[in-house]
1. Identify which of Glu167, Glu62, Glu83 has the largest mean-square fluctuation in a Gaussian network model of the chain, with springs joining Cα atoms closer than 10 Å.
2. Kindly report, to the nearest 10 Å², the accessible surface of Met112 as traced by a 1.4 Å probe over protein heavy atoms only.
3. Beyond 23 Å between alpha-carbons counts as too far, so tell me which of Lys33/Lys105; Lys33/Lys94; Lys79/Lys105; Lys9/Lys79; Lys17/Lys177 fall in that bin.
4. Given only helices, namely DSSP H runs of n ≥ 4 each adding -39500 (n - 2.57), what is the per-residue ellipticity at 222 nm of the chain, to the nearest 500 deg cm²/dmol?
5. May I ask you to give the percent of accessible area on the chain that is carbon plus sulfur, with a probe radius of 1.4 Å?
6. Students sometimes get this wrong: rank Arg45, Arg27 by accessible area, probe 1.4 Å, all chains present, largest first.
7. Report the gain in length on full extension from Ser15 to Asp82: 0.36 nm times residue separation, minus Cα-Cα distance, nm rounded to one decimal.
8. Mind checking which of Tyr154, Tyr102, Tyr131 has the largest fluctuation in a GNM of the chain, springs on alpha carbons under 10 Å?
Amino acid sequence: MTYKTPFTKWLELESGKVKDPVLVQQRHLSDLKGLFYDAEAEAERLRDNPLIYEVYLAYDGEAQEGQLGYSTTLIYPGKVGDEYFFTKGHYHAKGDRAELYYCLKGEGYLLMQSPNGAVNAQFMSAGAGSYVPPYWGHRTVNTGQERFVFLAVYPADAGYDYGTIAENGFASLMVEKDGKAALVSNPNFSRS
Ligand code: S6P
Ligand code: ZN
């Protein structure tokens, strides 16, 4: 038996970044191609290909059962057409793995959908601790004016299934309507 050495990573609350991250992922609009419902608006914005979000990985170990992964996500403010910037969204490859999101800055929504067709949207601003139960697909959306930052803590072996959402889309969308965030059904959503 080997025992993992305890460690601390510092989260920069203003920027949303992790100091000395293990890995940084940057997602531009081109990495999310086809996910925004308004294809014309997406094609238009692809010309400047904005940076939509970044993920700072803090956990420095293996994807082993029993360990916890953690990372911060910062989503920049902005829209494609009237749809707010969001993360790709995924199910966990090991579907029975849950996850906790803790909001550090800004505001937005955690959108979730279960395999039997239920949808759920949790509002998050600094201090919100939101739970993603096993089997629910999840995506976060920045509906505010500043960066939306949260810490994610998850079983290190949860893994990612991006394919289902890439193929079917997400059931609900957050769009700006009369100057406010509104949850609407995705006209392009198909359920496999
Ligand atoms: C991992 C967790 C988050 C996301 C991150 C980016 O289980 O849910 O760290 O990976 O918010 O979202 P996505 O959908 O691009 O992985
Ligand atoms: Zn996840």
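1. Result: Glu62 has the largest fluctuation of those listed.
2. That residue has around 10 Å² of solvent-accessible surface.
3. On the way: Lys33/Lys105 27 Å; Lys33/Lys94 25 Å; Lys79/Lys105 19 Å; Lys9/Lys79 32 Å; Lys17/Lys177 31 Å.
Check vs 23 Å cut-off fails for Lys33/Lys105; Lys33/Lys94; Lys9/Lys79; Lys17/Lys177.
4. When only DSSP H runs of four or more count, the value is -1500 deg cm²/dmol.
5. Values: 4900 of 9970 Å².
Result for the chain: 49 percent of the exposed heavy-atom area is carbon or sulfur.
6. Arg45, Arg27
7. 21.6 nm
8. Tyr131
The values are calculated or read from the model by the stated rules, or taken from the named source; none is laboratory data. Model, not experiment: these values are computed from the prediction. FYI the Cβ positions are ideal-geometry reconstructions off the backbone, even for glycines, and counts take in every protein chain you see. Heavy atoms of the whole protein, side chains included, go into the accessibility calculation; ligands, DNA and RNA do not. Shrake-Rupley method; radii C 1.70, N 1.55, O 1.52, S 1.80 Å.
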